[in-house]
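Everything on this sheet refers to the single structure shown next.
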Ligand code: COA
C-alpha cells in the first residue's frame, strides 16, 4: 500500500512506524487509521521485523487524537461504526504478536492516548502530555480508552482523567503508571531503540508466547490464565530457541537465536 501519513523504517529487525501528519499534530483521520491497519498487516508478515516502535512526527505531538473535523459530522449510527472501526485497529495492535513500543514524543490526547494504551510498553519524552479530553467535545473515549486506561492505572485515577478531560504531564503519567519511563526528548528514540534491541536479542518465539500469556490476563480467571500459561510454556519447550537458550547457558556462552 502507498502510505500518505505513515512512515515505516526497518533496520536491524526493528521497525519504526511514524505517524506523519504534523500539520494536524498527527491526528488520526480515517485514511490514517486505514494506513495504520495496513502497516501492522505488513509488519506482521515481514519476517525481518522483531519489534515495532510507534511514534509521531515532529517534536510537538505523538497523536493529538481522532480527527475532530471527521468526528463533528457523526450521527449515532455512524458514531457506533466509528468507535468499532478504531477499536478493531487498536485491538490488532494490543494483540500484535510482536512487541509494540509507544515512544510518546508530545501530545497523546484522546485517540492518541488510546493508541499508546494499546501498545505493549510506553516510553515518553519529558514534554509529552497525556489526556482523554473527549468530554470537552461532548463524547467519551471510543477507541478502548475507558477500558484500557482503567485496567492499566486504577479506576479512581482513570475516572478523574476521563471525567475532567485534564491533561497531565509526562512525570505525572509516570507516577500513575501510565508510562514506564520518561526521557529528555532528544534521547527518547535512542532509548526506545535500546529497549527494542534488548527485546529483539531474545528468542522471538518465547517473546510471542509471553505477549499472548500476559494479554490473556484481562479475559479469564487466574486459574484459566495459568492454564494458558502452562500451554504456552509447553509450546516454548518445543522450539529451537528453547534448545539454544538453555544449551547456551549450560555451555557458558551467549545464545545465538535464529531470528537475530
Ligand atoms: N483533530 C483535528 N485537527 C487537530 C487535532 C485533532 N484532534 N488536534 C490538532 N489539530 C489541528 C488544529 O486544528 C490545527 O490545524 P490548523 O492549523 O489547520 O488550524 C493544527 O492541528 C495545530 O493545532 P493547534 O490547536 O493550532 O496547536 P496548539 O499548540 O495551539 O494546541 C492542542 C495543541 C493539542 C492542545 C490542541 O490542538 C488540541 O486541543 N487538540 C485537540 C485535542 C483533542 O481534543 N483530542 C481528542 C480528540 S477525540
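Quick notes on this one:
- Residue within the range 129-151 that is farther than 23 Å from residue 66 by Cβ and surrounded by fewer than 18 Cβ atoms within 10 Å (Cβ to Cβ) present: no
- Qualifying residue in the range 73-88 (condition: touching a residue at least 12 places away in the same chain (Cβ under 8 Å) and under 12 Å from the mean Cα position of the chain (by Cα)): no
- Some residue of the range 60-74 being in contact with a helix residue (DSSP H, G or I) (Cβ under 7 Å, 6 or more places away or on another chain), outside any loop (DSSP other than H, G, I, E, B), within 20 Å of residue 153 (Cβ to Cβ) and more than 9 Å from the ligand (Cβ to nearest atom): yes
- Every pair of residues 6+ apart whose Cβ atoms lie under 6 Å, when the first sits in the range 47-70 and is at positive phi while the second is near the ligand (Cβ under 10 Å from one of its atoms) and part of a strand (DSSP E or B): 65/109
- For the range 22-33, taking the residues that are surrounded by fewer than 23 Cβ atoms within 10 Å (Cβ to Cβ) and not in a helix (DSSP H, G or I), the one that is farthest from the ligand (Cβ to nearest atom) is identified as 29.
- Qualifying positions in the range 34-57 - in a helix (DSSP H, G or I) and over 16 Å from residue 102 (Cβ atoms): 34, 35, 37, 38, 41, 42, 44, 45
Bear in mind that the values in this text are calculations on the coordinates, not laboratory data. No experiment lies behind these values; they were computed from the predicted model shown. Backbone-built Cβ (ideal geometry, glycine too); neighbour counts: all protein chains shown.
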